[in-house]
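Everything below concerns the one structure shown next.
None of the figures in this text is laboratory data; all of them are computed from the coordinates on show. Please read these numbers as outputs of a predicted model, since none were measured by experiment. For neighbour counting, all protein chains shown are included, and Cβ atoms are generated from backbone atoms with ideal geometry for every residue, glycine included.
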Amino acid sequence: MMELDHIAVAGTDLAVAVACCEAALGVPMGPGGRHARYGTHNRLIGLAPRLYLEAIAIDPDAPPPPDARWFGLDDFSGPARLDKWICRVPDIDAAIAALPVAGRRVDLERDGLRWSMAVPEDGRLPFEGLFPALIQWHVPSPPGQSLPPSGLTLTCLTVAHPEAAALEALLAPHLQAPLVRFEPADSPRLSAEMTGPEGAIRL
């Protein structure tokens, strides 16, 4: 069973991605870390209920990875934006067996965190990147539980795509995420609705 774990704002530069988040949220992002395996770095902020938001970009100080970067970051261009949603699963191998389009298992760690992700060989997730990335945590308290509260609550994540009905049907037997809804649209996009200290937020 897949549950919403976190959402990600991508940028061509981490400072730009962080600025995009902070301008929309009205609160500062927290620290993050580096992902040596894929040559990326991030910053995080906790969201209720037991979720988080990640700003992520290629790390210019890291050596190039041996293969394609995750989240399609090798091809990312344009302004920073909400670009990915990530679902946690209890068994990554079983999840990949059920949804092989998710990619291959890659085991990762940083700063005391350990997890496995499904990453396509070319780094590009299906449905123009709007198929959810799959993650299995191997720590008792993943970031969605351990990050300090920010006062922000995710109330709805909309996955808009020309083939939204096909994506929803593909995921329906596995997805348990009441905050996620699918919507037909001319072009693929993600949008998140939240509440915070200053009221309603849309990212």
Pick from region 64-99, criterion of a type in the set (Lys, Arg) and crowded, with 19+ Cβ neighbours inside 10 Å, ranking: nearest to Leu175 (Cα to Cα): Arg88
Inside region 1-68, counting only strands (runs of 3 or more DSSP E) that do not spill past its ends, which hold 1 or more residues that are aromatic (Phe, Trp, Tyr)? 51-58
List the number of the failed condition for Ser141; all other conditions in (1) touching a helix residue (DSSP H, G or I) at 6+ places or on another chain (Cβ under 9 Å); (2) free of Cβ contacts under 8 Å to residues at least 24 places away in the same chain; (3) of a type in the set (Ser, Thr, Tyr) hold. (1)
What residue, of Val16, Val9, is surrounded by fewer than 22 Cβ atoms within 10 Å (Cβ to Cβ) and touching a residue at least 60 places away in the same chain (Cβ under 8 Å)? Val16
Of the listed residues (Pro188, Pro178, Pro148), the one being in contact (Cβ under 8 Å) with a residue 24 or more places away in the chain, of a type outside the set (Ser, Thr, Tyr) and farther than 15 Å from Arg81 by Cβ is Pro148
Within region 53-63, work out how many residues are in contact with a strand residue (DSSP E or B) (Cβ under 8 Å, 6 or more places away or on another chain) and either more than 28 Å from Cys156 (Cα to Cα) or surrounded by fewer than 17 Cβ atoms within 10 Å (Cβ to Cβ) (or both). 2
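Quick grid of which residues meet (1) under 18 Å from Ala192 (Cβ atoms); (2) in contact with a Leu (Cβ under 6 Å, 6 or more places away or on another chain):
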position: Val9; (1), (2): yes, yes
position: Val18; (1), (2): yes, no
position: Glu22; (1), (2): yes, no
position: Arg34; (1), (2): no, no
position: Val89; (1), (2): no, yes
position: Ile96; (1), (2): no, no
position: Arg104; (1), (2): no, no
position: Asp111; (1), (2): no, no
position: Arg114; (1), (2): no, no
Name the strands (runs of 3 or more DSSP E) wholly within region 71-156 that hold at least 2 residues that are of a type in the set (Phe, Trp, Tyr) and more than 28 Å from Ala48 (Cα to Cα)? none
What about Phe71, is it of a type in the set (A, V, I, L, M, F, W, C), over 29 Å from Pro149 (Cα atoms) and within 16 Å of the chain's Cα centre (by Cα)? no
